[in-house]
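The values are calculated or read from the model by the stated rules, or taken from the named source; none is laboratory data. Bear in mind that the values here come from a model prediction, so they are computed numbers and not experimental data. Here the Cβ positions follow ideal geometry from the backbone for every residue, glycine too, while neighbour counts run over all protein chains shown. Surface accessibility is based on the protein's heavy atoms, side chains included, excluding ligands, DNA and RNA. Shrake-Rupley method; radii C 1.70, N 1.55, O 1.52, S 1.80 Å.
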Amino acid sequence: MKVLAISGSPRRGGNTDILLELALEVLAEEGMETEFLSLADRPIKPCTACGGCRHSEKVECVLDDPAFEGMIERFVEADGILVGSPVYFGSATPQTMALLDRVGYVARANGNLLRHKVGAAVAVARRAGHNFTFAQLHYFFLLSEMIVPGSTYWNVGIGREKGEVRDDAEGLETIRNLAKNMAWLLKKLKD
Ligand SMILES: Cc1cc2nc3c(=O)[nH]c(=O)nc-3n(C[C@H](O)[C@H](O)[C@H](O)COP(=O)(O)O)c2cc1C
């Protein structure tokens with residue numbers, strides 16, 4: 001079973017990447033195949049509401065955008081999808097939402113391709129806005145008929161400068177438990 005982790009931080013090696021990599025370590029220990037994908041070096045364009053995905057014969061986003069190549073296939077192949085975003089002005093980053101809007105719309109145009117996949121969100125902030133961002137990412141999962149595991153706290157981390165999230169012991173523990181619960185759920189859903 002495969003879990004795809006997507007970091008919507010423009011900062012490579014930052015706090016979001018650290019939490020997602022921790023989750024993937026635990027998921028790998030649980031026997032999952034894992035893939036980490038950073039959007040930092042992928043300037044994905046936002047959805048233009050052209051409706052091309054609804055009219056195309058193919059499962060595709062028709063925007064000319066090399067940075068988006070392979071994204072739909074990655075989501076479709078994965079059994080579990082972990083989305084992490086820093087909090088920017090109380091919300092997920094534009095990088096995160098550009099990807100989710102486009103993949104989500106293509107998925108819905110083709111019979112809800114993400115149905116019954118397991119989804120989990122991680123939000124990182126210096127001080128506040130975690131819960132809104134956490135909820136924001138869940139709107140995507142729930143509208144996509146995805147199934148969401150919980151943890152021992154909401155999946156949030158605290159930190160400002162790169163690496164500061166490593167000092168958030170409860171945040172790290174929450175992410176470890178999330179990953180264990182995600183693996184448990186994926187194994188239960190295997191059949
Ligand atoms: C444009 C911008 C907006 C931000 N807005 C918030 C915010 O609303 N609340 C907060 O607590 N931190 C905010 N931060 C701080 C980041 O969420 C924090 O530095 C986080 O650790 C960055 O994650 P990263 O290391 O994965 O990039 C903001 C940072 C930037 C650059």
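The set of residues in region 150-168 that are open to solvent by 70 Å² or more (accessible area, probe 1.4 Å), outside any loop (DSSP other than H, G, I, E, B) and of a type outside the set (Asp, Glu) comprises ILE158, ARG166. Before we move on, is THR34 within 29 Å of ARG160 (Cα to Cα), touching a helix residue (DSSP H, G or I) at 6+ places or on another chain (Cβ under 7 Å) and outside any loop (DSSP other than H, G, I, E, B)? Judged against the criteria, THR34 is a match. Exactly one residue among MET182, MET146 is touching a Pro at 6+ places or on another chain (Cβ under 8 Å), on the phi < 0 side of the Ramachandran plot and open to solvent by less than 30 Å² (accessible area, probe 1.4 Å), and that residue is MET182. Within region 14-40, residues that are within 13 Å of MET1 (Cα to Cα) and touching a residue at least 40 places away in the same chain (Cβ under 8 Å) reach partners that are in a helix (DSSP H, G or I) and of a type in the set (Phe, Trp, Tyr) with beta carbons closer than 9 Å, at six or more positions or on different chains, in the pairs GLU30/TRP184. Only residues that are touching a residue at least 40 places away in the same chain (Cβ under 8 Å), within 15 Å of the ligand (Cβ to nearest atom) and either within 23 Å of LYS45 (Cβ to Cβ) or assigned to a helix (DSSP H, G or I) (or both): list them for region 89-128, please. Answer for region 89-128, where residues must be touching a residue at least 40 places away in the same chain (Cβ under 8 Å), within 15 Å of the ligand (Cβ to nearest atom) and either within 23 Å of LYS45 (Cβ to Cβ) or assigned to a helix (DSSP H, G or I) (or both): PHE89, SER91, ALA92, THR93, PRO94, GLN95, THR96, MET97.
Of the residues making up region 51-69, those that are over 30 Å from GLY159 (Cβ atoms) and either open to solvent by less than 80 Å² (accessible area, probe 1.4 Å) or β-branched (Val, Ile, Thr) (or both) number 10.
Can you find even one residue in region 67-79 that is of a type in the set (Gly, Ala, Ser) and either within 19 Å of ALA135 (Cβ to Cβ) or touching a Cys at 6+ places or on another chain (Cβ under 7 Å) (or both)? For region 67-79, residues of a type in the set (Gly, Ala, Ser) and either within 19 Å of ALA135 (Cβ to Cβ) or touching a Cys at 6+ places or on another chain (Cβ under 7 Å) (or both): absent. Just so you know, in region 77-88 the residues that are buried (at least 22 other Cβ atoms within 10 Å of the Cβ) and within 13 Å of the ligand (Cβ to nearest atom) include one that is nearest to the chain's Cα centre (by Cα), and it is VAL83.
Across region 13-35, the number of residues qualifying as near the ligand (Cβ under 9 Å from one of its atoms) and surrounded by fewer than 19 Cβ atoms within 10 Å (Cβ to Cβ) comes to 1.
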